[in-house]
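Some notes on the structure that comes next.
The values are calculated or read from the model by the stated rules, or taken from the named source; none is laboratory data. Small disclaimer: the values here were computed from a predicted structure and weren't measured. A quick note on method: Cβ atoms are made from the backbone with ideal geometry, for glycine too, and the neighbour counts reach across all protein chains shown.
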């Protein structure tokens, strides 16, 4: 668990999971890391509580530079689609408003360090304070609850198929966020077998690794 997760978990860490607001997010970007000059091109997010979707957020973001052929081929996003999109400076306030208070909301992402790295870099660059949200990484938690004889890896496409997600990942932000919602709920069902029922238990869960556990 990260330091920021630990800090916020102390505020309301014993809420039952069905009472917690989770915002599952996904980004598309123009490259692999903010440090290389890459920027966010699309944000998709789904807000859920008690297994029900209570809101969705989607927007293109103008990265202020052209996209490579590889990125366009991967995502289907073109320079023309982003030309009139808002810049990240004006998107962030709307995104933070959608996510809500860091005292109530938990952020969820598949490979969370990637998405959170871009969002935090954008917030810092534009002088927006980053709310100290607790963060759940579905890659990490899936590795703790699934065995090798169930899935060969923890790619989003693999887990979406395994858990019977109603939306297939497409390398588009909202589709991938919707697929991650179903993956998260599948993980929650599995966590019930480990008697994990509260936010505190979720943030601190780490299964002892057996020989069949995923690396």
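Just checking, does the stretch 93-105 include any residue being surrounded by fewer than 16 Cβ atoms within 10 Å (Cβ to Cβ), within 28 Å of residue 16 (Cα to Cα) and at pLDDT below 95? Yes, the stretch 93-105 contains a residue that is surrounded by fewer than 16 Cβ atoms within 10 Å (Cβ to Cβ), within 28 Å of residue 16 (Cα to Cα) and at pLDDT below 95. Can you name the residue in the stretch 54-81 that is out of contact with any strand residue (DSSP E or B) (no Cβ under 7 Å at 6 or more places or on another chain) and assigned to a helix (DSSP H, G or I) and is also farthest from residue 32 (Cα to Cα) among such residues? Within the stretch 54-81, the match that is farthest from residue 32 (Cα to Cα) is 80.
With respect to (1) within 22 Å of residue 194 (Cα to Cα); (2) in contact with a helix residue (DSSP H, G or I) (Cβ under 8 Å, 6 or more places away or on another chain); (3) crowded, with 17+ Cβ neighbours inside 10 Å, the lone exception for residue 150 is condition (3). Within the stretch 98-129, the set of residues being free of Cβ contacts under 8 Å to residues at least 24 places away in the same chain, over 20 Å from residue 181 (Cα atoms) and under 16 Å from the mean Cα position of the chain (by Cα) comprises just one member, 120. Of all residues in the stretch 178-189, which are surrounded by fewer than 17 Cβ atoms within 10 Å (Cβ to Cβ) and either touching a helix residue (DSSP H, G or I) at 6+ places or on another chain (Cβ under 6 Å) or without any contact (Cβ under 8 Å) to a residue 60 or more places away in the chain (or both)? Listed by number, the list holds a single entry, 189.
When the stretch 206-215 is filtered for residues that are surrounded by fewer than 16 Cβ atoms within 10 Å (Cβ to Cβ), touching a helix residue (DSSP H, G or I) at 6+ places or on another chain (Cβ under 8 Å) and at pLDDT 55 or above, the ones remaining, listed by number, are 206, 207.
Within the stretch 144-177, the set of residues being touching a residue at least 60 places away in the same chain (Cβ under 8 Å), in a helix (DSSP H, G or I) and closer than 26 Å to residue 99 by Cα comprises 173, 174, 175, 176, 177. Of all residues in the stretch 15-65, those satisfying the criterion of being surrounded by fewer than 18 Cβ atoms within 10 Å (Cβ to Cβ) and farther than 28 Å from residue 104 by Cα are 32, 33, 35, 36, 37, 64, 65.
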